[in-house]
Each structure stands twice: as structure tokens, then as C-alpha cells.
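Student: Take a look at this one; I'll ask things after.
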Protein chains: 2
Amino acid sequence: MNIGDVAARAGLPAKTIRYYEDIGLIRPLRSDNGYRAFRESDLHKLAFIGRARGLGFSIEECRRLLALYDDRQRASSDVKALAQTHLTQIAAKITELRAMEATLQTLVSACAGDDRPDCPILTGLAEAKDCCG
Amino acid sequence: MNIGDVAARAGLPAKTIRYYEDIGLIRPLRSDNGYRAFRESDLHKLAFIGRARGLGFSIEECRRLLALYDDRQRASSDVKALAQTHLTQIAAKITELRAMEATLQTLVSACAGDDRPDCPILTGLAEAKDCCG
DNA sequence: CCTAGTCCTTCCCGTAACAGGAAGGTCAAC
DNA sequence: GTTGACCTTCCTGTTACGGGAAGGACTAGG
């Protein structure tokens, strides 16, 4: 398989796949013409990475997940710990975003949004309030 | 005021303040010794930017917000539109994160997390399911 | 006056995870 | 044999700074 084929099948841009090879996530073979020659196992790994990335795992976390996946002796507790940590970070991010959303929604709701210059959003940003830490 | 003073008062690292000058967000004066000489108005702007960043506005959005703040002729609708757009993006990000959270939570809950190798998290990532698009 | 310590300056590299694009080799088809 | 679609490497740019080096400036103490 050439890179275009795996890109289509894994749902990843060719650029991304080359990048993953650069950083050592995958190690495709090479054809005589210099083209990357992907095996089914490479495609499988790329799909795995793509799904992990889709769940918000960083590249380094993906690397660890792949290592655990390859390790038949792993303990599921190791995988679970990794996932749980990530889950906690996601929850924290959601909390942070919701706080932003609430504050901003308050400011936006207070703004007339007409052609006059008075704007509670701007004054809210200009004045130190309890709003933003 | 030297940079250390504004940094303390605005709650921003000196590095960040220099960066903001680099990209033209602020234009402090210079003392004879070459030190940046900040006015109260510079401090005010920095605090404004700090709060806007705290609400998740990008640097370019902060630049526009500052321009609107400086423009006494602005229409509050312009400010509101900017904020509303950002609010929509925040909401979209929250939705995305919640989807990740739900999927990942399902996988984590299904994982025994013991010393055995069987792991639904890994198999979930390895198999194409409806889970991750 | 000298020195130590704390401030300030500029400059350059590194981050995460790629995207865009240039310059050029390869291959399949007409 | 010449398009056109593919592939290659390499280099730059992105966001919003942080770390740290090399060196000048200022303050307090002896």
C-alpha cells in the first residue's frame, strides 16, 4: 500500500502519516522506488492512533497506548490509569470552559448590541471584577 | 513603572508582556537606560488583555477588542458579535469534549483495571466502532 | 570604590501537531 | 513521449509564550 491508500483507509492526511513516521510512531517499509510500503499492521496502527487522537489523547499518550497494545503482558490497570488520567484532564477542561462560557454569556446578555457605543462587555473586561480571577 | 512592577500588578509574566510589545499589542515608552517605562494606561491595557485571555479570547481577538475599546465611536453590536462568535466556539468545544468524555468513560468503566491483560479500552481503540466517528 | 545581588535588556531555541508549498523523482495511461 | 497523478524530502509557519544565555543597570553594604 502506498501512502495515499492508507491515508484514505485510515482517514488521516498523508502529511500526518509522514509525521507519525518521523516521530517514530510507525515504521513502514520502503519499496525500491523509495515509496513507503505500508503493511496491514501499519494501517491498523494508524487507525488505532487516529481513534485515540479523536478521543483527545496526545501523541505521547498514543505512543504509550500503542506500547501497551503491543505488550501482551500488560496489566489492564496500566491502560485504565492512563485513560483515567486523561479523562480527568478532559473533565477539568470542560469545567474551565464552562466557567468562561458562563461569564461571557453574562456579559453578552448584558450588551444591547445596537449602534450605540455603551458596552458592558468592554467595561467588564476593563474593570477588575470577581469575574475573571 | 518597570516591567517587574507591571507584571506584578497585571498578574502577567514579564515574558508575556515583552511578547505583547513584540506583536504590537502595547507600546510602552523607554527610559534613558533602555528600560521599558510603562504608564498607567499600559497597565490598564495589560489587565484588559489578561482578562480577555482568561475568557479564552485569542490574541488576535484581544487586539480587536482593544481596538474597539479605544474607539469611542464603536457600536456595541460589533463587540457583541465578536463575543458571540467566541461564545459559540466555546460551546462547540465543550460539546466536543463531552462526547470524548462520554466515550472514554464508557471504555474506562468497562475495563477491569486489574493485572490481567484483557482491556476493553485497547480493543475499543483497535476496532472500528461507532464510537469515534 | 568595589562588590554582590537583583533587576533589566536582547536574542535564540523549544514547544504540539501538524499544514502549506517548493523542487523534483516515479509511474500509469494515452 | 508527454501529460497528470502520485510520491519524495526539505523548509517555513502556526499559537502564545517559557527557558535560558550573555551582558548592561541599579541599589545596598562594607
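Student: On a C-alpha basis, how far is the centre of region B:1-18 from the centre of region A:64-105 in Å? Whole number, if you could?
Tutor: Each part's Cα centre sits 34 Å from the other's.
Student: Moving on to the next point. Using θ = phi - 60° and the Karplus curve 6.51 cos²θ - 1.76 cosθ + 1.60, what whole-Hz ³J(HN,Hα) does each residue of region B:60-77 get, with Gly and Pro shown as x?
Tutor: Along region B:60-77, the couplings run 5, 5, 4, 4, 5, 4, 5, 4, 5, 4, 6, 8, 5, 9, 4, 9, 4, 4 Hz.
Student: Please state the relative contact order of chain A as a whole percent: Cα pairs under 8 Å, 6+ residues apart?
Tutor: Dividing the mean separation by the residue count of chain A yields 15 percent.
Student: Something else now. To the nearest 20 Debye, how big is the dipole of region B:1-57 about its Cα centre, given +1 on the beta carbon of each Lys and Arg and -1 on that of each Asp and Glu?
Tutor: That gives region B:1-57 a dipole magnitude of about 140 debye.
Student: OK, next. May I have the count of lysine pairs in chain A with C-alpha atoms under 29 Å apart, counting pairs 8 or more residues apart or located on different chains?
Tutor: Within chain A, the lysine pair count is 6.
Student: Per residue, how much accessible surface does region B:1-57 expose to a 1.4 Å probe? Answer in Å², no decimals.
Tutor: 54
Student: Let me ask another. Seen from all sides and averaged, what is the projected area of the convex hull of the Cα atoms in chain A, in nm²?
Tutor: Result: a mean projected hull area of 13.4 nm².
Student: Amide H to amide H under 5 Å from B:Ala37: which residues, 5+ apart in sequence or cross-chain, H placed 1.01 Å off N in plane?
Tutor: B:Leu29, B:Arg30, B:Ser31
Student: Ok, one more. Please turn the phi angles of region B:16-24 into ³J(HN,Hα) values with the Karplus equation 6.51 cos²θ - 1.76 cosθ + 1.60 (θ = phi - 60°), one per residue in order, whole Hz, x for glycine and proline.
Tutor: Result, ordered by residue: 5, 5, 4, 4, 5, 5, 3, 8, x Hz.
Student: On the accessible surface of the protein assembly as shown, probed at 1.4 Å, how many percent belong to carbon and sulfur atoms?
Tutor: 49
Student: Taking amide H positions as placed 1.01 Å from N in the peptide plane, with prolines and chain starts having none, which residues 5 or more places from B:Ile26, or on another chain, fall under 5 Å of its amide H?
Tutor: Correct list: B:Glu21.
Student: Continuing with the same structure: How much net charge surrounds A:Asp70 when only the other residues with a Cβ under 14 Å from the Cβ of A:Asp70 are counted, with Lys and Arg +1 and Asp and Glu -1?
Tutor: That sum, taken over residues with Cβ under 14 Å, equals +3.
Student: What is the local net charge at B:His44, summed over the other residues whose Cβ is closer than 13 Å to its Cβ (Lys, Arg +1; Asp, Glu -1)?
Tutor: 0
Student: Give the average, rounded to an integer, of partner chain Cβ atoms located within 10 angstrom of each Cβ in A:41-51.
Tutor: Per-residue shielding by partner chains comes out at 2.
Student: What list of ³J(HN,Hα) values in whole Hz, one per residue of region B:37-47 in order, does the Karplus curve 6.51 cos²θ - 1.76 cosθ + 1.60 (θ = phi - 60°) give from phi, with Gly and Pro shown as x?
Tutor: The phi angles translate into 10, 8, 8, 4, 5, 5, 4, 4, 4, 4, 5 Hz.
Student: Right, next: Mind checking region B:59-111 for trypsin sites (Lys or Arg not before Pro) that DSSP puts in a loop (not H, G, I, E or B) and that have at most 11 other Cβ atoms within 10 Å?
Tutor: B:Arg72
Student: Once every DSSP H run of n ≥ 4 in chain A is given -39500 (n - 2.57) and the sum is divided by its residues, what mean residue ellipticity at 222 nm do you get, rounded to the nearest 500 deg cm²/dmol?
Tutor: Estimated from H runs of four or more residues: -21000 deg cm²/dmol.
Student: For the B and A pair, go ahead and give the buried accessible area with a 1.4 Å probe, both sides summed, in Å² to 100.
Tutor: 4500
Student: Here is a follow-up. Around A:Ser109, what is the net charge, scoring Lys/Arg as +1 and Asp/Glu as -1 over all other residues with Cβ under 15 Å from its Cβ?
Tutor: Around A:Ser109, the surrounding residues sum to -2.
Student: When only C-alpha pairs under 8 Å and at least 6 residues apart count, what is the relative contact order of region A:1-57, in percent?
Tutor: Value for region A:1-57: 38 percent.
The values are calculated or read from the model by the stated rules, or taken from the named source; none is laboratory data. Nothing here was measured: the structure is a model prediction, and the numbers come from that model. Using ideal geometry, Cβ is built from the backbone for each residue, glycine included, and neighbour counts are taken over all protein chains shown. Please note that ligands, DNA and RNA were not included when accessible areas were found on the heavy atoms of the full protein model with its side chains. Shrake-Rupley method; radii C 1.70, N 1.55, O 1.52, S 1.80 Å.
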